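The structure appears below as structure tokens.
Only the coordinates and a few stated rules stand behind these numbers; no lab work does. Since we're looking at a predicted model, the values are computed, not measured. Here Cβ is always computed from backbone atoms with ideal geometry, including for glycine, and neighbour counts include all displayed protein chains.
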């Protein structure tokens with residue numbers, strides 16, 4: 001059953017790039033114009049006599065509708081469903097051959113999916129799928145008799161248990177997502193593409209603060225996090241470069257939670273996903289490594305002390321994607337010019353300066369004339385922290401140059 005589903009989806013999604021299969025300009029009183037036969041052809045779309053359900057992948061853009069055509073040659077009890085990928089929220093309407101509305105639905109499939117179960121007389125029909133908020137959406141549309149396998153879990157708990165998904169039949173909701181088990185001291189990890197495992201769930205046996213990460217910058221993953229009732233608790237795209245992370249530093253109640261996984265660049269690339277206990281010290285160190293906060297001057301973080309700045313300082317350093325830190329003292333107010341100049345063609349340095357209390361004064365990535373970084377700012381006398389890193393996964397030598405200008409008396 002599952003393998004036939006994938007075959008249909010591949011054929012139809014490929015053909016959608018060319019002329020629609022058996023386009024019926026007059027279908028459903030003209031309301032089904034541009035529709036595609038759900039079975040790939042008219043004679044394969046009689047659901048009353050088919051041996052298996054029929055399914056298509058629907059791409060809904062620019063507020064338009066996606067129309068799947070099907071027929072029944074004898075009276076039949078049918079289930080028509082539409083389930084969006086990621087946070088897609090489809091609506092579903094069934095029309096008869098004249099365009100009259102037979103039924104419409106939004107969320108009866110559970111988890112935002114649409115589901116209609118109805119008895120239909122012999123004839124041709126249209127299943128019209130739209131995006132609830134007109135946002136771009138990819139969805140699966142399935143038409144089958146009620147005794148056939150359902151696409152959606154139906155209304156009820158968002159985490160209702162169903163048969164586990166297979167590689168050929170990816171999960172369409174938290175209900176049939178990958179079960180990671182119970183979170184303990186050891187992180188729960190898995191690797192999968194966003195197509196293979198768009199959902200995964202895990203259980204907390206006691207109140208716990210957690211972190212969720214999704215890593216593979218080539219895929220550019222995004223993650224969403226849902227509570228046991230299906231409510232969205234958080235989402236993230238680019239936390240660390242193109243990787244994603246959600247920190248739930250306030251302890252969550254015991255229960256079963258869900259991760260929604262997607263990818264912006266390539267949903268077919270593997271993504272490393274991990275759920276772990278929230279570590280406040282590691283989270284703070286991560287802030288320092290990304291340059292989003294300055295470390296304290298207490299020796300807990302490596303900081304190169306440049307002492308009292310002379311008129312000009314130049315230093316060549318090896319630096320990668322983690323921020324390295326320097327401290328410098330100005331013994332009089334003035335203007336400080338800081339430059340980070342890459343050695344080689346692929347460098348892309350980043351600079352930031354903070355005062356000794358950790359307040360950011362200035363930050364720069366590209367100075368407007370290339371990928372080098374430059375900061376020019378007026379400063380009072382005092383101690384300052386300078387953060388230097390390279391954007392993305394780059395690594396190499398960077399020349400850190402500082403020039404100090406003191407106002408004339």
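A compact table of results
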read-out: Most mobile listed residue (179, 43, 348) in the chain, GNM with C-alpha springs under 10 Å; value: 43
read-out: GNM top mover of 315, 374, 31 - the chain, alpha-carbon springs below 10 Å; value: 315
read-out: All Cα pairs of the stretch 177-278, percent lying beyond 23 Å; value: 17 percent
read-out: Most mobile listed residue (329, 143, 72) in the chain, GNM with C-alpha springs under 10 Å; value: 329
read-out: Mean-position separation - Cα centroids, the stretch 302-372 and the stretch 235-273, in angstrom; value: 32 Å
read-out: Estimated FRET transfer efficiency (residue 315, residue 232; beta-carbon r; R0 45 Å; 0.05); value: 0.45
read-out: More than 42 Å apart - percent of Cα-Cα pairs taken over the chain; value: 35 percent
read-out: Where labels lie 7 Å past Cα in the beta-carbon direction, separation of residue 106 and residue 272 in nm; value: 4.2 nm
read-out: Alpha-carbon Debye profile of the stretch 299-343, log10 I(q)/I(0) at 0.16 Å⁻¹; value: -0.55
read-out: Contour minus Cα-Cα distance for residue 285 and residue 185 (0.36 nm per residue); value: 34.0 nm
read-out: Segment residue 254-residue 146, extension gain: residue separation times 0.36 nm, minus the distance between their alpha carbons; value: 35.3 nm
